1. Any of LYS92/LYS123; LYS66/LYS92; LYS43/LYS90; LYS66/LYS125 with alpha carbons more than 24 Å apart? Name them for me.
2. Could you name the aspartates and glutamates in cross-link range of LYS80, using Cα to Cα under 16 Å and dropping any fewer than eight places away on the same chain?
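Nothing in this text is a laboratory measurement; each read-out follows from the coordinates by a stated rule. Predicted model only: the values in this text are computed from it and were never measured.
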Amino acid sequence: MKKIIAMMYTLYILICLASCGPLNDSDKTLEIKEYGTIMTLAKAYEEEILSYDDLLQIAYDNNNGKEYNESLFPENFTPKNYIELGEEIKNKILLTLQSKEDGEYSIDSFYGSYGNAYIIKYKNKLDNILNVVSYETIAEVYFLYPTYPIMVFLEK
């Protein structure tokens with residue numbers, strides 16, 4: 001019975017992945033001068049805000065380990081431990097989001113900070129969007145998004 005459930009779940013994931021494409025990068029950046037900039041993970045990598053090693057760490061955190069990227073991790077890879085996202089930074093991120101468009105935003109996940117770049121997943125509680133599995137590949141590093149994509153808040 002467990003094998004049948006596991007096979008059905010795997011089939012469901014494969015169907016979802018097949019029906020979704022890569023994320024659209026047309027809206028890569030939201031600029032608010034008072035607080036910072038929110039951009040895609042791909043743009044942060046392209047602009048050299050994040051390094052390849054940073055991408056591996058973020059993928060490790062997002063994908064629950066080395067899954068999907070096993071061959072990319074060095075043997076001596078050690079996952080980082082993060083402190084919680086501070087209230088001041090959290091408020092700056094939420095104010096930046098709310099100043100661009102209406103909504104009730106919340107930060108769903110925090111994947112650490114790299115300099116003045118904070119790696120987050122956020123959602124708008126007013127969105128009536130079904131959770132659709134999507135994916136993104138940046139510099140051969142695979143990111144699976146069962147909910148919302150990872151974004152970068154670059155503090156000014």
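1. LYS66/LYS92; LYS66/LYS125
2. Those aspartates and glutamates meeting the cut-off are ASP53, ASP54, ASP61.
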